[in-house]
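The values are calculated or read from the model by the stated rules, or taken from the named source; none is laboratory data. Computed from a predicted structure; not experimentally measured. Cβ sites come from the backbone with ideal geometry, for glycine too, and all protein chains shown count toward neighbours.
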Amino acid sequence: MSLSACGLSYGYPERQIGREIGLELKPGEVLALLGPNGSGKTTLLKTLLGLLPPQGGELALDGAPLAALSVAERARALGYVPQAHAGTFAFSVFTVVLMGRTAHGGLFAAPSAHDRAIAMAMLERLGVARLAQRPYTQISGGERQLVLIARALAQEPRYIILDEPTASLDFGNQGKVMVEITRLAAEGLGILFTTHDPNQALRYADHVLMIRNGQAIAAGSAAELLIPERLAELYGVAIETVRDTEGRVAFLPGH
């Protein structure tokens, strides 16, 4: 059981973005994807979700080729939280989260009482139930991010893929989301998230994949790979290491 890629090449019809990418995400694990801007992280996520066809290599979900699965099958297995989503229509927050249930009932099926209960439970889980009747277009960017996570959870997927899930959140909500990621993994979900903060990856991820210019430069245990030398290679800057009295480590870009 895993979401896996082997020798994966990906990109757009007119341009290849990445090549020879390998990864495996198992239930109960957290995988962090690190790389500088423009390295191809978001395009890789879209390929893993089946939104873009791979240009080469193998991509499988629980042993079956991802391309052989229907859209509904992929939606029941893979939840996605995009990097940012401004929203166009003034749906209520509750309705946006309820949309996650279409993976189980179809786009035009009327939501059941069970669907509504799950949607509300996910809003409560993320601490935004008070926003249920507010227009999605009239809440803050950070609140929208929490709502999108609730929508992904409402799908009841086996794996959740998050593109910079804390990018628009304040400091307190960043911590809340990362703790939620840990809790979801403990409940048996496979979690893949991208981040620009190696400290998040070090604290919350089991494994790390580092990509630069569409190529993997390192993959393995977060504890082993997240060291100043590797981070300097990845980001092209000196890395300063800070340790507290208990030996915990934090990384800062050096002068």
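Kindly indicate whether ILE118 is among the β-branched types (Val, Ile, Thr) and either in contact with a Lys or Arg (Cβ under 8 Å, 6 or more places away or on another chain) or modelled with pLDDT under 90 (or both). Steps first, answer last, please.
Values: among the β-branched types (Val, Ile, Thr): yes; either in contact with a Lys or Arg (Cβ under 8 Å, 6 or more places away or on another chain) or modelled with pLDDT under 90 (or both): yes.
Yes.
Number of residues in segment 151-173 that are touching a Pro at 6+ places or on another chain (Cβ under 9 Å) and not acidic (Asp, Glu): the value is 3.
Out of ILE211, ILE161, ILE149, which single residue is touching a helix residue (DSSP H, G or I) at 6+ places or on another chain (Cβ under 6 Å), at pLDDT 90 or above and crowded, with 16+ Cβ neighbours inside 10 Å? First the steps, then the outcome.
Values: ILE211 fails: touching a helix residue (DSSP H, G or I) at 6+ places or on another chain (Cβ under 6 Å); ILE149 fails: touching a helix residue (DSSP H, G or I) at 6+ places or on another chain (Cβ under 6 Å).
After applying the criteria, what remains is ILE161.
Counting only helices (runs of 4 or more DSSP H) wholly contained in segment 91-138, no element carries 2 or more residues that are hydroxyl-bearing (Ser, Thr, Tyr) and farther than 30 Å from GLY172 by Cα. Scan segment 225-247 for residues that are over 23 Å from THR43 (Cβ atoms) and touching a strand residue (DSSP E or B) at 6+ places or on another chain (Cβ under 9 Å) and the total you get is 13.
Which of the residues that make up segment 152-185 are among the polar types (S, T, N, Q) and touching a residue at least 40 places away in the same chain (Cβ under 8 Å)? Walk me through it before giving the result.
In the first step, residues of segment 152-185 are kept if they are among the polar types (S, T, N, Q); the result is 155, 166, 168, 173-174, 182.
Across segment 152-185, the qualifying residues are GLN155, SER168, THR182.
For every residue, the table says whether it meets (1) buried (at least 18 other Cβ atoms within 10 Å of the Cβ); (2) modelled with pLDDT of 95 or more; (3) not in a strand (DSSP E or B).
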| residue | (1), (2), (3) |
| --- | --- |
| ALA5 | yes, yes, no |
| SER9 | no, yes, no |
| GLY28 | no, yes, yes |
| LEU31 | yes, yes, no |
| GLY38 | no, no, yes |
| GLY50 | yes, no, yes |
| ALA67 | no, no, yes |
